[in-house]
Amino acid sequence: MTDRTRKCVFTHSAWKQCGFTLLEVLASLVVLALLVLGLAQGMRFGVAAYDRQTRLTYRQADLDAVDRTLRQLIEQINPGTAHDAPAIAGTPDSFEFTSELPEAAAAWGSRDAEVRLLVDGTNRLLMRWSPYTHALPNTPPAVVDTVLLEQVDHVVFSYWSRSGEAGWRGRWDKAEVPALVRIRIVFRAGSGRAWPDIVAATQRGRP
């Protein structure tokens, strides 16, 4: 054992020079614990923020897709012909018409469909549709319910006439296609979702 080692072992003053006191060790542990706690809190906050941003992104994408679908359906409403008026029935809470489905429905053979938009008893915005056969079928075509949105309290449809009548109408029973259709989607309280009114113009002209 060297003289330096013996001095560190056997003298109190030398021990203070060669190592750490218990108080210093405890203080270091406290500081380390605070650093670890801060890192854990920061990571938890970061994960929560990322999760919230991801949910908002998915919700936004969901609403964007529904917006595009509804606009396309309204833009492609079948206007009928001079001898065959369009089959349209509009109320404040539902809208029935014949239109062209999105391209994804081409597998059915025809994209023309009889469509009804409504909110069902389980707070779902539905597109209830069946293939449009252009003739009286021997058997009624199958009706398909496609869920567009959930947690919808109600929906409000309004209609703007082509004949120069000013203002939105709450019902549509004319033998012609409205110039504009406005759709107001009201989500259930507490859902945290909102969407501006959808206003779409019908674009198909009579052949």
* Within the stretch 150-190, work out how many residues are of a type in the set (Ser, Thr, Tyr) and surrounded by fewer than 15 Cβ atoms within 10 Å (Cβ to Cβ). => 1
* Sort out which residues of the stretch 180-189 are within 15 Å of the chain's Cα centre (by Cα) and part of a loop (DSSP other than H, G, I, E, B), and write them in order of number. => Arg188
* Filtered residues of the stretch 66-95 (kept if farther than 19 Å from Val186 by Cα and assigned to a strand (DSSP E or B)) -> Ala89
* Take the stretch 110-130 and flag every residue that is on the phi < 0 side of the Ramachandran plot and polar (S, T, N, Q). => Ser110, Thr122, Ser130
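Read-outs: derived from the displayed coordinates by stated rules, not from any lab. Bear in mind that the values here come from a model prediction, so they are computed numbers and not experimental data. Cβ atoms come from the backbone with ideal geometry, glycine included; neighbour counts cover every protein chain shown.
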